[in-house]
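Structure record follows, encoded as structure tokens.
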Amino acid sequence: MTADRSSSPDLVGPVGLSRRAQRYIEANGLRRRDIRRHRGAWIAQGIPAAEADRAAAFQERWGGLALPPAPCYEGGPRILDADCPERSAAGGWSFPAGDCRVSMAYRFLIGPDGAFGIDAERWTSLHASTEGWVESLALAAHARRWAESITRITGEGVDSLDLDGYEPVPEVQGLTDTWWRGKDSLIALYRGEAVGLDAPQCLEAHVYAGLDEWGLYGG
């Protein structure tokens with residue numbers, strides 16, 4: 001399908017995000033693709049009208065958003081971009097969230113309940129919504145910039161992390177993946193690949209230490 005491309009310093013991202021995530025989005029270009037024209041054909045194929053409309057609504061809000069690579073998941077989707085809904089193995093209907101940057105063992109999907117996740121050996125919800133995924137990306141970019149040190153922990157070491165004194169970061173709407181805020185550090189826990197691929201060795205945590213008030217809460 002042909003896509004229209006546009007990039008402008010005046011781009012405005014979806015409303016309802018933190019100021020940090022809004023700035024993050026507005027620094028990147030958009031590519032628009034209208035999928036409403038496929039609605040009739042999808043319904044003729046047996047896709048419920050409500051699911052076609054749900055995919056179209058996602059596209060209207062997020063479609064074409066091009067973001068820098070995510071810290072994990074081999075960079076995440078290249079561009080958020082909905083497509084034809086399909087029956088989910090977990091029940092209900094899902095639709096693609098966007099193409100992967102490279103060939104991987106899973107796809108990024110929007111689940112029946114609106115969660116943003118990966119379809120691997122099993123469906124795994126990463127965040128309760130696409131907003132949570134974008135907030136997580138924005139927070140990672142912010143933390144990388146302001147942390148005095150960044151430590152990457154993998155495998156069994158992730159389960160030994162002491163989160164006493166930490167609170168969950170609510171805007172990332174974490175499910176399998178979560179963020180935690182302490183008095184001077186942020187911790188990102190990435191469990192999606194470990195759960196979705198039944199691969200404990202894929203557990204990963206990033207510890208951003210030495211953060212001041214702005215580093216912890218900026219945006």
Revision key, fill the gap. Only one of (1) modelled with pLDDT under 80; (2) surrounded by fewer than 20 Cβ atoms within 10 Å (Cβ to Cβ) does not apply to Y24, and that is (2)
Practice item. Could you run through region 86-110 and say how many residues are under 22 Å from W179 (Cβ atoms) and modelled with pLDDT of 95 or more? Key: 4
Study note, to complete from the structure: Going through region 100-112 in order, the residues found to be more than 18 Å from A56 (Cβ to Cβ) and open to solvent by 20 Å² or more (accessible area, probe 1.4 Å) are C100, R101, V102, S103, M104, A105, R107
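Yes/no matrix, rows are residues, columns are (1) in contact (Cβ under 8 Å) with a residue 60 or more places away in the chain; (2) in a helix (DSSP H, G or I); (3) crowded, with 20+ Cβ neighbours inside 10 Å; (4) of a type outside the set (D, E, K, R):
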residue: A50; (1), (2), (3), (4): no, yes, no, yes
residue: D53; (1), (2), (3), (4): no, yes, no, no
residue: F58; (1), (2), (3), (4): yes, yes, yes, yes
residue: A70; (1), (2), (3), (4): yes, no, no, yes
residue: A82; (1), (2), (3), (4): no, no, yes, yes
Review point. What helices (runs of 4 or more DSSP H) lie completely within region 118-219 and have 2 or more residues being open to solvent by 20 Å² or more (accessible area, probe 1.4 Å), touching a residue at least 24 places away in the same chain (Cβ under 8 Å) and among the charged types (D, E, K, R)?
Key: 130-146, 156-159
Practice item. Determine if region 189-196 includes at least one residue that is touching an Asp or Glu at 6+ places or on another chain (Cβ under 7 Å) and of a type in the set (D, E). Key: no
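The values are calculated or read from the model by the stated rules, or taken from the named source; none is laboratory data. Only a predicted model underlies this, so the values are computations on that prediction, with no experimental measurement involved. Because the Cβ atoms are built from the backbone with ideal geometry, glycine has one as well, and the counts that use them run over all protein chains shown. The area values use the complete protein model at the heavy-atom level, side chains included, leaving out ligands, DNA and RNA. Shrake-Rupley method; radii C 1.70, N 1.55, O 1.52, S 1.80 Å.
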